[in-house]
Amino acid sequence: MDSLRPLTLVLAVATVVGAIAVGDALARPSASVARTVSVTGVGTVTAAPDTFTFSVDVVTSAPTTAAALAANDARVVALDRALATQRVTRRELSTTSLSVNPTYDGHGHVTGYQVDDQVTVTSHQVTHAGAILGAAVAAAGNPGQISGLTFSVSSQSAARARARADAILAAASAAKTLARAAGTTVGRVISIVDEENASPIVIPEPVFAAASARAPNVPVSPGTQTISVTVKVVDQLG
């Protein structure tokens with residue numbers, strides 16, 4: 001029995017020393033850890049919009065819901081015909097909301113009902129936008145309202161490709177500048193994260209219908225759309 005005790009003590013000591021050695025090795029930084037630099041590059045291009053969208057609220061009031069709906073339907077048909085004269089097809093029109101609400105007098109009594117039918121127009125005739133808006137204004141009548149005028153680029157693939165290439169070049173330039181300042185060089189690319197952001201041009205101010213039955217040519221300017229791409233690049237340092 002006494003001969004087994006020294007062996008047990010030796011094993012216990014070896015286990016403790018081994019644990020300390022492993023812990024010490026983990027605490028020391030590894031010489032094989034790669035040094036990296038993380039940079040962000042932004043590429044921005046501008047493009048002329050080729051699409052515009054706006055909404056028309058056709059509003060009608062009447063003593064009954066049936067009368068209000070019938071009158072409003074007739075006004076919506078008139079809107080469709082007015083837009084058709086401006087080469088806007090029915091495929092470019094969509095009903096986005098329809099509401100029927102009671103109207104009240106100053107004492108809270110119901111005086112009738114109001115129907116609000118919102119039609120959204122999407123057209124590629126950007127150079128003809130003023131005439132199309134004017135036709136919508138005249139057809140909607142005095143209670144009508146035009147809102148949410150937005151210009152956009154329908155196909156952004158080519159513009160995004162140019163912006164993405166510019167962003168990569170900007171990131172590479174930034175990485176070289178940082179590496180040079182640190183007294184080293186840039187090695188291989190480790191990772192690239194692509195982010196992109198397009199900024200459509202929005203004219204939020206509503207345009208109310210004029211009392212004149214003649215369709216005005218509403219002055220609008222499509223301007224340009226800014227398309228930006230941001231890339232986050234991690235490069236290995238030499």
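Readers should treat all values here as calculations from the given coordinates under stated rules, not as data from a laboratory. Bear in mind the structure is a predicted one, so any value in this text is a computation, not a measurement. Backbone-built Cβ (ideal geometry, glycine too); neighbour counts: all protein chains shown.
Summary table
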| quantity | calculated |
| --- | --- |
| From phi via Karplus (6.51, -1.76, 1.60), per-residue ³J(HN,Hα) for segment 127-142 in Hz, x at Gly/Pro | 5, 10, 4, x, 5, 5, 5, x, 5, 5, 4, 5, 6, 5, x, 4 |
| Amide H contacts of THR185 (H built 1.01 Å from N, under 5 Å, at least 5 apart or other chain) | GLY238 |
| Semi-axis lengths, Å, segment 35-102, gyration tensor of Cα atoms, sqrt of 5 times eigenvalues | 45, 19, 8 |
| Distance (nanometres) between label positions extended 7 Å along Cα→Cβ at ALA181 and ALA34 | 2.3 nm |
| Karplus-derived HN-Hα couplings along segment 102-117 (A = 6.51, B = -1.76, C = 1.60, θ = phi - 60°), whole Hz, x at Gly and Pro | x, 10, 10, 8, x, 9, x, 8, 5, 9, x, 9, 10, 10, 10, 10 |
| Two-site FRET efficiency, THR150 against THR85, from Cβ-Cβ distance with R₀ of 25 Å, rounded to 0.05 | 0.60 |
| Nearest-0.05 FRET efficiency for GLU92 and LEU169, computed from C-beta distance (R0 35 Å) | 0.35 |
| Under Karplus coefficients 6.51, -1.76 and 1.60, residue-wise ³J(HN,Hα) of segment 155-162 in Hz, glycine/proline x | 10, 9, 4, 5, 5, 5, 4, 5 |
| Extension gain, SER157 back to HIS109 (0.36 nm per residue minus Cα-Cα distance, nm) | 11.7 nm |
